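These notes are about the structure you will find just below.
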Amino acid sequence: MAQNIVITGANRGIGLALAKHWKARGERVLAVCRQASTALLDSGVEIIDGVDVSTADGVSNLISALGNTSVDILYNNAGIMLSETVDEMDFEQILQQFEVNTLGPLRVTMALLNNLHQGSKVGLMTSRMGSIADNSSGKKYGYRISKAGLNAAGKSLALDLHERGIAVAILHPGWVQTDMTGNSGNLTVDEAASNLITRMDELSLENSGTFWHSDGSVLPW
């Protein structure tokens, strides 16, 4: 029986690749975005547009579109990366990244809590740049702060949703060739999507709350 899979930020990059891969496997994919790209329109998945995860009003569109639809997998993929340094600090940019990268996934997960059920899985697209122990290069203040915050939220969600039978994965996709990385990664979006789907397949209540690289290795907090 096909699973109902909701993916945010599905109009391009890894989100789009996830939508295509899950659809090819026979799952029912509901691709969520602010505005659908041509590639997403051509993918053949169901599209829920007009959704901005950074605001309560933006997420209300998703709630209305889903109604009572049962969600087997919720993959919070939407995110942005801007750049700040000590010499060029921008607190508005940092706040913007926090709204999208940290509060966005939490806002969506809370909004769809009644659509989730025992056995549902929640994926959080984070980054090893949110690891404090792994930070050896500094910079990117907003992105690092927002992803560290998402990691903390993900760990709490894993604990708090355990009794409901809902497992949570905290996932770093790897260095992927996307617009965000300037296409400089060592993984294609298809390779990353395949790895991430494997991690979601392996996710259970027993390993819920783990911070994984998409290759399956466990990352330091």
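Values in this text are rule-based calculations from the coordinates and carry no lab data. Note that this is a predicted model, so its numbers are computed, not measured. Positions of Cβ are generated from backbone atoms using ideal geometry, with glycine treated the same way; all protein chains shown enter the neighbour counts.
Between Leu41 and Ser64, what is the label-point separation in nm under the 7 Å Cα-to-beta-carbon projection?
In this crude label model, Ser64 to Leu41 measures out at 2.2 nm.
Would you pull out the residues with amide H under 5 Å of Glu46's amide H, same chain only if 5 or more places away, H placed 1.01 Å from N?
Val29, Ala31
For Lys140, Lys121, which order do you get if you count the other beta carbons within 10 Å of each Cβ and list the fewest first?
Going from least to most buried by this count: Lys140, Lys121.
Give me the net charge of Glu92's neighbourhood, meaning all other residues with Cβ under 11 Å from the Cβ of Glu92; Lys, Arg count +1, Asp, Glu -1.
Here the charged neighbours net out to -3.
Could you state the number of Å between the C-alpha centres of segment 1-50 and segment 151-221?
Their Cα centres are 18 Å away from one another.
Enumerate lysine pairs in the chain that are 8 or more residues apart or on different chains, then count those whose Cα atoms are under 27 Å apart.
9
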